[in-house]
Amino acid sequence: MTETQFTPRVFSGIQPSGNLHLGNYLGALKRFVDMQGPEWETVYCMVDLHAITTWQDPADLMHSTRELCAGFIAAGIDPEQSILFNQSQVPEHAQLAWVFNCVARMGWMQRMTQWKDKAGKNQQNASLGLFAYPSLMAADILIYHATHVPVGDDQKQHLELTRDIAIKFNNDFGVDFFPITEPVIEGAATRVMSLRDGAKKMSKSDPSDMSRINMTDDADTIAKKIRKAKTDPDALPSEADGLENRPEARNLVNIYAALSDLTVDQVLAEVGGKQFGEFKPMLAELAVEKLSPISTEMARLMGDQAEIDKILARGAERAREVTVPVLQRTYEIVGMVGAKQV
């Protein structure tokens, strides 16, 4: 293994915590599909080890992992072209995470915004896993020597930590072994907001099901949720500057742009001056056209869970062809007796 030559490789993962929604699709899955091609290798993962940083019902976790795999495939991920697997079947993730636990500093972890948000004032009762999981996230990425990671705005800090860990490891041991991974942040809807409150991110934990479009929703439900989405009384502007201080309008325009593969400016050139009574039916028709086939295919795939398990097992085998030599070389660099020369 030549340590300074890194294969262009993309890694990303999603927690199998249930209720895959439009925000996951536009902010992640659609972008994952778009990145498949000859430019780089693509590695996509259901990060079930991350999911258990808060307690999960075991049966629900198994169902959510399979459903997420179905969502990946239904959205267009080809398990022959991309490596597709669940994290717990590739033990090198957790093994490298321990090495990184010993590289990362406590202060780095304490600064993580998501730790502060999720643990809040209850930090003493939060799990150690919730505190340390950015180190596991770094291992998820670097065990593949991933050069690029598609991330949303809320994950940029964790990728910065990954870069810090890679730099410190390389400096500590005088090697050029781990790449300094680059973020890929693009698209009109990298951060999809609630349909009921344009200032809040779309979330599976919102008590109102009307706040989100689930990837399992049928065509009628998708259309109904868009028709009832919160808006304001003004017409749509013709330029993006006109969306300032109009979070609900901005969100719906962003969703339209992302689903149609247009820029916000292109959308507004088409719909500027229209009232929401005209725009919402256009958005509903587009959303049903793009999303309804995905929900139908997800249901079909979930009808054969044994096949999903075979896909995940094969993906894990392919993943380990990459991860085993990277971990062995890491152990050798650190000084572990028994590490094989690669």
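The values are calculated or read from the model by the stated rules, or taken from the named source; none is laboratory data. Note that the coordinates shown come from a computational prediction; the quantities given were computed from them, not determined experimentally. Here the Cβ positions follow ideal geometry from the backbone for every residue, glycine too, while neighbour counts run over all protein chains shown.
Do we have any residue at all in the range 152-161 that's more than 23 Å from residue 107 (Cα to Cα) and not assigned by TED's automatic domain parsing to the domain that holds residue 289?
Narrowing the range 152-161 to residues more than 23 Å from residue 107 (Cα to Cα): 152.
Pick out the ones that are also not assigned by TED's automatic domain parsing to the domain that holds residue 289 and you get 152.
Among the residues of the range 152-161, at least one is more than 23 Å from residue 107 (Cα to Cα) and not assigned by TED's automatic domain parsing to the domain that holds residue 289, which makes the answer yes.
Taking residues in the range 112-124 that are within 17 Å of residue 156 (Cβ to Cβ) and assigned to a helix (DSSP H, G or I), and partners anywhere that are of a type in the set (S, T, N, Q) and at pLDDT 75 or above, the pairs with Cβ atoms closer than 6 Å and at least 6 places apart or on different chains are 113/157. Taken over the range 1-48, residues that are among the hydroxyl-bearing types (Ser, Thr, Tyr) and either touching a Ser or Thr at 6+ places or on another chain (Cβ under 9 Å) or assigned to a strand (DSSP E or B) (or both) amount to 5.
For the range 121-150, the set of residues classified as more than 25 Å from residue 55 (Cα to Cα) and in contact with a Leu (Cβ under 9 Å, 6 or more places away or on another chain) consists of 142, 143, 149, listed by residue number.
If you scan the range 132-168, which residues turn out to be among the aliphatic types (A, V, I, L, M) and within 17 Å of the chain's Cα centre (by Cα)? Matches in the range 132-168: 136, 137, 138, 139, 141, 142, 146, 149, 151, 159, 161. Can you name the residue in the range 301-330 that is part of a helix (DSSP H, G or I) and free of Cβ contacts under 8 Å to residues at least 24 places away in the same chain and, of all such residues, is surrounded by the most Cβ atoms within 10 Å (Cβ to Cβ)? Only one residue fits best here, namely 328. Number of residues in the range 137-162 that are assigned to a helix (DSSP H, G or I), over 21 Å from residue 24 (Cα atoms) and not charged (D, E, K, R) equals 4.
Within the range 195-237, the set of residues being closer than 13 Å to residue 23 by Cβ and free of Cβ contacts under 8 Å to residues at least 24 places away in the same chain comprises 200, 205, 206, 211. Taking the range 209-239, which residues are crowded, with 19+ Cβ neighbours inside 10 Å and over 24 Å from the mean Cα position of the chain (by Cα)? Matches in the range 209-239: 223, 229, 231, 236. Checking 96, 84 one by one, the residue that is among the aliphatic types (A, V, I, L, M), more than 15 Å from the chain's Cα centre (by Cα), in the same structural domain as residue 30 (by TED's automatic domain parsing) and crowded, with 19+ Cβ neighbours inside 10 Å is 96 and no other.
For residue 99, the conditions (1) closer than 23 Å to residue 315 by Cα; (2) modelled with pLDDT of 95 or more; (3) assigned to a helix (DSSP H, G or I) are fulfilled apart from (1).
When residues in the range 256-272 are screened for being small (Gly, Ala, Ser), assigned to a helix (DSSP H, G or I) and under 16 Å from residue 235 (Cα atoms), 1 of them pass. Modelled with pLDDT of 95 or more, among the hydrophobic types (A, V, I, L, M, F, W, C), surrounded by 14 or more Cβ atoms within 10 Å (Cβ to Cβ) and within 19 Å of the chain's Cα centre (by Cα), is that true of residue 258? In short, no. Scanning the range 185-206 for residues that are of a type in the set (Gly, Ala, Ser) and either surrounded by fewer than 16 Cβ atoms within 10 Å (Cβ to Cβ) or at pLDDT below 90 (or both) turns up 187, 188, 189, 199, 203, 205.
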